[in-house]
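Below is one structure; the comments refer to it alone.
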Amino acid sequence: MSEAVSPVLPLPPSAPRAHRHAFVRWIGRTILRLGGWRTEGAFPDLPKVVLIGAPHSSNWDGVWGFALLMATDLDLKVLGKDTLLQIPVLGRILKWLGVIPVNRKAAQGVVEQAAQMIRSADRFWYGLAPEGTRKVVEKWKPGFWRIAKAAAAPVVPAYFHYGRRTIGIGAPFELTDHYESDVARIREWYRSVSNGKNHDA
């Protein structure tokens, strides 16, 4: 991982953009600055990735994460219940933040719906928390891996370090056909980050 630490990471050419107004980007940078947050690492110059954030331990992750998206103009999609996006005001806000509807009762399932969205787009970054909860868990849910495999997209790790008030982006992980070994590699990277030893995947 790059050692550079800055208020906002630059967005590479291949990453999808939301084309938000310059004032929105200013608001995002201001929120991060007032909160004392910085960024480190680098966004990969890739059109399609599955970005995971771990550990997901606080509702504040969403606040700082969306501030970073606003500041960088990154178009990162996350899935939300289709019923939530049907609520007039809330639905418009969620869509503006990058939330897209998913039908949890659909025959093909959430994994296939997400993978199909990635495969069918020219550029698509999909984000989720591998734990699936804010509680401390021993094992991650395999959904992120299954989506990335089905979409032939690499996994990009991200983290919130509250002690240093830093949002970090790691190098992409190319997946193999072995879930357990892939997750072991990624979790070892996260352990190195928590121990203060940042390095490339």
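Points worth noting:
- Tally, over segment 32-46, of residues that are among the polar types (S, T, N, Q) and free of Cβ contacts under 8 Å to residues at least 24 places away in the same chain: 0
- Tally, over segment 21-45, of residues that are surrounded by 15 or more Cβ atoms within 10 Å (Cβ to Cβ) and closer than 20 Å to residue 161 by Cβ: 12
- Matching residues in segment 151-201 - criterion: being in a loop (DSSP other than H, G, I, E, B), among the charged types (D, E, K, R) and either in contact with a strand residue (DSSP E or B) (Cβ under 9 Å, 6 or more places away or on another chain) or at pLDDT below 95 (or both): 164, 165, 174, 197, 200
- Scan of segment 139-188 for residues that are surrounded by 15 or more Cβ atoms within 10 Å (Cβ to Cβ) and among the β-branched types (Val, Ile, Thr), ordered by number: 147, 155, 156, 166, 167, 169, 183, 186
- When residues of segment 1-17 are limited to those that are among the small types (Gly, Ala, Ser) and modelled with pLDDT of 95 or more, the one nearest to residue 127 (Cα to Cα): 15
- Filtered residue count, segment 58-75, keeping only those that are touching a strand residue (DSSP E or B) at 6+ places or on another chain (Cβ under 8 Å) and at pLDDT below 85: 1
The values are calculated or read from the model by the stated rules, or taken from the named source; none is laboratory data. Nothing here was measured: the structure is a model prediction, and the numbers come from that model. All Cβ positions, even for glycine, are placed from backbone atoms using ideal geometry, and neighbour counts span all protein chains on display.
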